[in-house]
Amino acid sequence: MLETELLNCGYGELQVIFDLSASIERGMITAVLGPNGSGKSTFLKALSGLATIYSGCVRYEGQDVTSMPAHQRAKLGIAYLPQTNNVFSNLTVSENLQIAGYVLDKREVEDRIDAVLDLFPELEGYMHKKAGTLSGGERQFLAIGSALIRKSKILMLDEPTAHLSPKLSAIVLERISELRNKLNLTIVLVEQNVKDTLLISDYAYILVSGRVAYYGDAGALRDTPSLDLIIKKFLFGREGA
Ligand SMILES: Nc1ncnc2c1ncn2[C@@H]1O[C@H](COP(=O)(O)OP(=O)(O)O)[C@@H](O)[C@H]1O
Ligand SMILES: [Mg+2]
């Protein structure tokens, strides 16, 4: 559905990603793991049009989108949900969802908001609360709900469980998995929470210093006897700390 070929990108003169060829399959959850600073967020930004691409290409459903600006990619259904600032904190939950649907007609927005509340019933009681007062998990649900109202087809989630308790992290990941199953969405999931993420993912990339150190089946990586060693050596995530 979305692929890169020999992608080299970064910010201005700082190259972060080197010769990265990756493929995101439709309807699948693809985990992107790696230590801090390895280029995971930059990879998502390159896919969504927010990083400088020096060479290589990005294709979305067969179309070359390498030089397409972010707002146009968003219209095609590519949604990047940054780690923080992914909702309007000063607006209510209801206003956040309305704004996400501002290009749609009113009736359609109402229908879509109803659908989002079915998926995330915990938002229902908070419709008139400011988004800034939500808990971390609820805020993630609102950000994902807003992306669904915008009719995004591929969700790129940047560490949705960062700063959540282990218990809440597990709940958020479980909901992401349910969401994919119910809506057949395509999800790219950047995470530090390695083992729980592999449990819900189909494929996994490990990025180290902007290069692919591993690519394969998430289940196979989860079941490898050397997973703890891999986490220690490459990931230094929560489990490796
Ligand atoms: N907006 C930016 N401008 C310049 N450098 C950046 C920017 N964002 C990230 N970087 C740098 O790019 C490198 C990779 O960062 P990032 O992709 O955020 O890593 P990760 O998400 O894996 O922790 C880091 O060295 C970081 O300092
Ligand atoms: Mg990051």
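Condition check ((1) of a type in the set (S, T, Y); (2) within 19 Å of F18 (Cα to Cα)) across all residues:
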| residue | (1), (2) |
| --- | --- |
| E191 | no, no |
| V194 | no, no |
| S201 | yes, no |
| I206 | no, yes |
| G210 | no, yes |
| Y215 | yes, yes |
| A218 | no, no |
| L221 | no, no |
| L229 | no, no |
Seminar exercise, completed: All-but-one check, V208 against (1) closer than 30 Å to F120 by Cβ; (2) in contact with a helix residue (DSSP H, G or I) (Cβ under 8 Å, 6 or more places away or on another chain), failing number (1)
Problem set entry | Single unsatisfied condition, A74 versus (1) open to solvent by 40 Å² or more (accessible area, probe 1.4 Å); (2) more than 12 Å from ligand 1 (Cβ to nearest atom); (3) on the phi > 0 side of the Ramachandran plot | (3)
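Within 16 Å of ligand 2 (Cβ to nearest atom), at negative phi, modelled with pLDDT under 95 and not small (G, A, S), is that true of R175?
On the way: within 16 Å of ligand 2 (Cβ to nearest atom): no; at negative phi: yes; modelled with pLDDT under 95: yes; not small (G, A, S): yes.
No.
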Exercise. Any idea how many residues of segment 1-31 are touching a Gly at 6+ places or on another chain (Cβ under 6 Å) and away from ligand 1 (no atom under 16 Å from the Cβ)?
Worked result: 2
Exercise. Are there any pairs, at least 6 apart or on different chains, whose C-beta atoms fall under 6 Å, with the first in segment 8-22 and more than 16 Å from L50 (Cβ to Cβ) and the second open to solvent by 60 Å² or more (accessible area, probe 1.4 Å), and if so, which?
Worked result: F18/R211; D19/L6; S21/E5; S21/L6
For this session: Select from segment 190-235 the residues that are within 16 Å of ligand 1 (Cβ to nearest atom) and of a type in the set (S, T, N, Q) and write down the one among them that is surrounded by the fewest Cβ atoms within 10 Å (Cβ to Cβ).
Result: S209
For this session: Could you figure out which of (1) closer than 19 Å to P82 by Cβ; (2) out of contact with any strand residue (DSSP E or B) (no Cβ under 9 Å at 6 or more places or on another chain); (3) aliphatic (A, V, I, L, M) isn't true of L229?
Result: (1)
Exercise. Has segment 79-93 got at least one residue that is open to solvent by less than 70 Å² (accessible area, probe 1.4 Å), away from ligand 2 (no atom under 16 Å from the Cβ), modelled with pLDDT of 95 or more and part of a helix (DSSP H, G or I)?
Worked result: yes
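Here's the yes/no breakdown for (1) free of Cβ contacts under 8 Å to residues at least 40 places away in the same chain; (2) more than 16 Å from ligand 2 (Cβ to nearest atom); (3) crowded, with 23+ Cβ neighbours inside 10 Å:
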site: I24; (1), (2), (3): no, yes, no
site: N36; (1), (2), (3): no, no, no
site: T42; (1), (2), (3): no, no, yes
site: L47; (1), (2), (3): no, no, yes
site: V58; (1), (2), (3): no, yes, yes
site: E61; (1), (2), (3): no, yes, no
site: S67; (1), (2), (3): yes, yes, no
site: A70; (1), (2), (3): yes, yes, no
Seminar exercise, completed: Selection from segment 187-218 of residues without any contact (Cβ under 8 Å) to a residue 60 or more places away in the chain and more than 16 Å from ligand 2 (Cβ to nearest atom) yields K195, D196, L199, Y214, G216, D217
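The values are calculated or read from the model by the stated rules, or taken from the named source; none is laboratory data. This one's a predicted model, so the numbers in the text were calculated from it and none came from an experiment. Cβ coordinates were reconstructed from backbone atoms using ideal geometry, including for glycine residues, and neighbour counts include every protein chain displayed. We work out accessible area using only protein heavy atoms, side chains counted, and drop any ligands, DNA or RNA first. Shrake-Rupley method; radii C 1.70, N 1.55, O 1.52, S 1.80 Å.
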